[in-house]
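Here's the structure, in structure tokens; my notes come after.
The values are calculated or read from the model by the stated rules, or taken from the named source; none is laboratory data. Worth saying up front: this structure is predicted, and the values here are computed from it rather than measured. Every residue, glycine among them, receives a Cβ derived from its backbone with ideal geometry; neighbour counts consider all protein chains shown. Just the protein is used for accessible areas: all its heavy atoms, side chains included, with ligands, DNA and RNA removed. Shrake-Rupley method; radii C 1.70, N 1.55, O 1.52, S 1.80 Å.
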Number of protein chains: 4
Amino acid sequence: MTETTGTAGQRADLVRNRRLLLGAATEAFAERGVEVSMGEIAQRAGLAKGTVFRHFASKDDLLAAIMLQLLDRLTGTADRLLQADDPALALREFMTSGVEALATDRAFCEVVGRPSLQHPEVREAINQLCEVAEALTARAREHGAVRDDVTGTDIVLLLGGIHQTAAPLLAAQPQAWRRYLELALDGLHVPNPRALPEQPPRHLPLDDPPEAG
Amino acid sequence: MTETTGTAGQRADLVRNRRLLLGAATEAFAERGVEVSMGEIAQRAGLAKGTVFRHFASKDDLLAAIMLQLLDRLTGTADRLLQADDPALALREFMTSGVEALATDRAFCEVVGRPSLQHPEVREAINQLCEVAEALTARAREHGAVRDDVTGTDIVLLLGGIHQTAAPLLAAQPQAWRRYLELALDGLHVPNPRALPEQPPRHLPLDDPPEAG
Amino acid sequence: MTETTGTAGQRADLVRNRRLLLGAATEAFAERGVEVSMGEIAQRAGLAKGTVFRHFASKDDLLAAIMLQLLDRLTGTADRLLQADDPALALREFMTSGVEALATDRAFCEVVGRPSLQHPEVREAINQLCEVAEALTARAREHGAVRDDVTGTDIVLLLGGIHQTAAPLLAAQPQAWRRYLELALDGLHVPNPRALPEQPPRHLPLDDPPEAG
Amino acid sequence: MTETTGTAGQRADLVRNRRLLLGAATEAFAERGVEVSMGEIAQRAGLAKGTVFRHFASKDDLLAAIMLQLLDRLTGTADRLLQADDPALALREFMTSGVEALATDRAFCEVVGRPSLQHPEVREAINQLCEVAEALTARAREHGAVRDDVTGTDIVLLLGGIHQTAAPLLAAQPQAWRRYLELALDGLHVPNPRALPEQPPRHLPLDDPPEAG
DNA sequence: GATGAATGAGTTTTCATTCAT
DNA sequence: GATGAATGAAAACTCATTCAT
């Protein structure tokens, strides 16, 4: 009978509060975009403002943590799907769960170009996601389930694009994204396509934007 | 009979200032998203802050005016393309100019769900755009250039989606949207497609979002 | 009869408010040190918080402006005293008015080492003050009214030192600084003194302190 | 009979922690002024924040404890120097060690007028210091080594003043205070001085400052 | 009509202090 | 007694909007 109260109790609260905060923040950002205030997030989590800052040193850190959470989830899913039997189905499932994860998230598109994306951990997570997406795509490609000129990074980018396509319908038709996902998938395995224009992206460029100055 | 600059001159100034403001605001919102301050917009236009508010009663009104401008431009283009000989090409050109218009615009996705979209004029303009896009799509459909189950509203939504897909590449590859436009077009005229899931949208629902309360 | 209302009226208010703010801030900092909040300064000036920031972009800017005001006043005094007949008396009067200017100022010593002192204008003003103090000292030196090994910068530094000596007595004996000024002056024209140790300072070093890190 | 570490061990820890804290706080306040946070002091001491508050009920208490430490040290030094053979040298040594103790301390001048100085123990310590300084000064006076109209409290006040004079040079010339100490000493034994103006202070008045209300 | 100064509510962030473990 | 998480008051600063000139 191993007793584990004491310091463990505090740590348990810590973990619980971190979860509360991430949950509240994920929800709040999803609903109202990055403009929700830290104060509101605190309130939603039922905690004091100071506590938010104890867990996340700045708003950008919080945003970064949320992105990280999302990216890790997607990478995990992709990793698992690499083991699937049907490569075409695997890719479809990856995209399905990817767009679904984004589906209700207003903050997602606003975060593009923000410092949160520059956090080393986030950059690393993005790169990992692109890599595993590339592996998934390569398998599909080899099985003729996806056109040759499409990369894993294309697939990752499409997640956001599909989400955004359906975004204005969100309130009226929460599943509308499925429609555009299907459309994209159809575009992805056109049999003898004309080659796509522009360089196929190999990764997401995350350097600091060249400040005009 | 040459008019002395009197009231007429003032009106000319009014028009000129409005143009300056819209130009400056369009640029500013495109580059930095909706978070640019009214002060910066005034500065970019070379006018005083008070003047901005004389022309646009609030920031949301200004955003609405800019949306309106964009929507009217797109509607105009679509109108013109309705006269084109090749319906398939016409649709492609509409989408090309549509995505291009969005291509460098950071504010575009952030405006979704904002009160600016609720302005009656904007709603009306969105509906008009969807209608003319529907006409354009119908013609393409009849010529077998587009699958049956795709609506004009789908096409309008795709503009934003394609833009968003390429957005993270913007700095590195400003033309990357052409890649995803091509992919979407390929999806749009798959020969014998499985029907797309979910209701085909007939218009954009623009009701006040159900305030979580 | 030159009419000068109109834009001039606004500017008049601007100037008036700037004066109100500098006055309020000077008083507040003097009484309670640099820790007084911008909010309190606004209140004392009878203005809104935002107005303080319109005039002074940051608290350090405000502090800098106050230092500048003080330094310019001292430099002006010194300049005028350069014309005086009696060099010894001139130096004494300079120091008197200098210490008196500092006499009620709690913020003065706290500002040492703060970024406010790094403002280019403040640095320049400090250097100017040291220069004119040197001129004043040189004249006194030539007339045998001050020992040879004392510089203008020594004199400037002494102002703060004399002030600080009397500071704890301020409430009980507001003029106590005169006592320590006299003592310092006696030290300054000891007839055949042993040379003072340490390098005589030629100017105040105002470089950024070498951040440990 | 060797004591097993029990309550005694705990008490030893208590003493040790108090020492750690005083050491860390002394350093921190000296380097960065009274604005250092309790958190940083805890960190420097290698202890938790809660522990700081167990030892010192408030930040002002901690400041008071540090002042007390300094004052006691000076009083001790003065006490010892009362036994010295040469009264002039004794006074010089007292002042030297006094200014040296202050020399690197940024917090010192900021504490003037703070509630920390109102702590009964601190007031008592200040009075003791003034008394023993008076004794030291009296001896020097009797031997003609110091002018008649200078009190022990003058001497104590001069310590802070000399320190402040050199403070702006601290980074560039850490020993600059020796220069101003010498200057002050020269002022202190001018042979036939004019009497100093203002009441010679007999003690430091430490009443609550008359709150402007 | 244009200007830009003033406003003040709102935001992020810090920090002394409390208190459950 | 020690710990460090939580608290919440207060600070600096921003910005849409108003309004006197």
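Structure notes:
- Cα-based equivalent ellipsoid of region D:7-56: semi-axis lengths in Å, sorted from largest, via gyration tensor: 21, 10, 7
- Estimated buried accessible area (total), pair B and A, 1.4 Å, Å² to nearest 100: 3900
- Choice from B:Ala138, B:Ala125, B:Ala57 showing the highest fluctuation, given a GNM over chain B with Cα pairs closer than 10 Å: B:Ala57
- Normalising the average separation of contacting C-alpha pairs (under 8 angstrom, six or more residues apart) by the number of residues puts the relative contact order of region C:7-56 at 33 percent.
- Stokes-Einstein D in µm²/s, Kirkwood radius over Cα pairs - region D:91-167 at 37 °C with 0.692 mPa s viscosity: 248
- Residue (of C:Met38, C:His55, C:Ala25) at the positive-pole extreme of region C:7-56, dipole from beta-carbon charges: C:His55
- Kirkwood analysis of the Cα pair distances in region B:1-114 returns a hydrodynamic radius of 15.9 Å.
- About the Cα centre, charge dipole magnitude for region C:58-213 (Lys/Arg +1, Asp/Glu -1 at Cβ), debye: 440
- Projected onto their three principal axes, the Cα atoms of region A:57-207 cover extents of 50, 36, 31 Å, largest first.
- Sorted shortest first, the distances from the B:Asn192 label point to those of the same residue in the other copies are 1.7, 12.3, 12.8 nm; each point sits 7 Å from Cα along Cα-to-Cβ.
- Three-way shape label, region D:139-213, alpha-carbon gyration tensor, a/c 1.5: oblate
- As a length-normalised measure over Cα pairs under 8 Å and 6 or more apart, the relative contact order of region A:151-206 settles at 52 percent.
- For a 4.7 Å threshold on C-beta separation, the list of partnerless cysteines in the protein assembly as shown reads A:Cys130, B:Cys130, C:Cys130, D:Cys130.
- In the complete set of protein chains, residue-level accessible area for A:Phe56 is approximately 10 Å², probe 1.4 angstrom.
- Comparing mean-square fluctuations of D:Leu71, D:Leu183, D:Leu81 from a GNM of chain D with C-alpha springs under 10 Å, the top value falls on D:Leu183.
- Near-label residues of region A:96-113 by backbone N, under 14 Å of a point 7 Å along Cα→Cβ of B:Glu40: A:113
- Closest-to-axis residue of chain A (Cβ criterion, axis taking A to B), whole Å: A:Gly187, 1
- Taking label positions 7 Å along the Cα-Cβ direction at both B:Asp149 and D:Gln128, the computed distance is 9.2 nm, reported to one decimal.
- Radius 9 Å from Cβ of C:Gly187, net charge of other residues (Lys, Arg +1; Asp, Glu -1): -2
- Counting every C-alpha pair in the protein assembly as shown, the share spaced more than 38 angstrom apart comes to 60%.
- Rel. contact order, % - alpha carbon contacts under 8 angstrom, at least six apart, chain B: 20
- Using alpha-carbon coordinates, inclination of helix A:87-103 to the longest axis of chain A, degrees: 40
- Inter-part distance where region A:65-84 and region D:89-145 are each reduced to a Cα centre, Å: 67
- Residues A:Thr104 and A:Ala138, FRET efficiency given R0 of 45 Å [Cβ-Cβ distance, rounded to 0.05]: 0.90
- Counting Cβ atoms of other protein chains within 10 Å of each residue's Cβ and taking the mean over peptide C:151-163 gives 4.
- Distances in nm from A:Glu124 to the matching label points in the other copies, shortest first (labels 7 Å along Cα to Cβ): 4.8, 5.6, 5.7
- Distance in nm between pseudo-label sites at C:Asp72 and A:Arg114 (7 Å out along the Cβ direction from Cα): 4.3
- Simple spin-label estimate for D:Ser97 and A:Arg19 in nanometres, 7 Å along Cα-Cβ: 6.1
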